[in-house]
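For reference, the structure is listed below as structure tokens.
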Amino acid sequence: IGGHRAAHLSKGRLEPEAKLDLHGYRQEAAYRALQRFLMSAHGMGQRVVLVVTGKLAPLRECFPRWLSEAELQNLVAGISAAHARHGGDGAFYVALKKQRPR
């Protein structure tokens, strides 16, 4: 995530438009929930969302890899660690690409 958006996010000044909390999910269910969440957010034209994985959770390690999967890589513009007020090390901001006109 770059530019003014990154600066506002890093200082906690920009609120994510939606949030997904993956605490308590197993890996397979978490991946499916992430897919649905990001596809829905992108479809609604949202640009920055928050995904909470947990600080020490195995999901945190899988998360960047999941975003590079074919189903999601076309939706995601970038990711960055969340500000402390949004979950800090246990959460990520995900910037979504603009929708293409049909």
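Loop by DSSP (not H, G, I, E, B), at most 15 other beta-carbon atoms within 10 Å: where is the longest site-free stretch of the chain for GluC sites (Glu not before Pro)? It works out to 18-68. Taking θ as phi - 60° and the Karplus parameters 6.51, -1.76 and 1.60, the scalar couplings of the stretch 69-76 work out to 5, 3, 5, 10, 4, 7, 9, 9 Hz in sequence order, x denoting glycine and proline. Highest average first, the peptides 29-36, 73-80, 90-97 ordered by how many other beta carbon atoms sit within 10 Å of their residues are 90-97, 29-36, 73-80. Principal semi-axes of the equivalent ellipsoid, √(5λ) from the alpha carbon gyration tensor of the stretch 51-97, are 19, 13, 5 Å from largest down. Run down the aspartates and glutamates and flag those whose C-alpha is under 18 Å from the C-alpha of LYS97, throwing out any fewer than 8 positions away in its chain. Leaving aside aspartates and glutamates fewer than 8 places away in the same chain, those within reach of LYS97 are GLU15, GLU17, GLU69, GLU71. Rolling a 1.4 angstrom probe over the chain with all protein chains present gives an accessible area of which 50% lies on carbon and sulfur atoms. The calculated 222 nm mean residue ellipticity attributable to helices in the chain amounts to -11000 deg cm²/dmol, summing -39500 (n - 2.57) over DSSP H runs of n ≥ 4 and dividing by all residues.
A straight Cα-to-Cα reach below 14 Å connects LYS55 with the aspartates and glutamates ASP21, ASP89, residues fewer than 8 places away in its own chain not being considered. Its relative contact order, with pairs defined as Cα atoms under 8 Å and 6+ residues apart, puts the chain at 33 percent.
Here's how it looks for ILE79: its modeled amide H is under 5 Å from those of ALA95, which are all 5 or more places away or on a different chain.
Hey, what's the chain come to in accessible area per residue, 1.4 Å probe, Å²? For the chain, the solvent-accessible area averages 60 Å² per residue. Using the Cβ-Cβ distance between ALA18 and LEU56 with R0 set to 30 Å, the FRET efficiency works out to roughly 0.80. Debye calculation, C-alpha points only, no solvent: report log10 I(q)/I(0) for the stretch 7-77 at q = 0.12, 0.15, 0.18, 0.26 Å⁻¹, in the same order as the q values. These q points yield log10 I(q)/I(0) values of -0.32, -0.50, -0.73, -1.31.
The values are calculated or read from the model by the stated rules, or taken from the named source; none is laboratory data. Predicted model, so just to flag it, every value in this text is computed and none were measured. Positions of Cβ are generated from backbone atoms using ideal geometry, with glycine treated the same way; all protein chains shown enter the neighbour counts. SASA here: full protein model, heavy atoms, side chains in, ligands and nucleic acids out. Shrake-Rupley method; radii C 1.70, N 1.55, O 1.52, S 1.80 Å.
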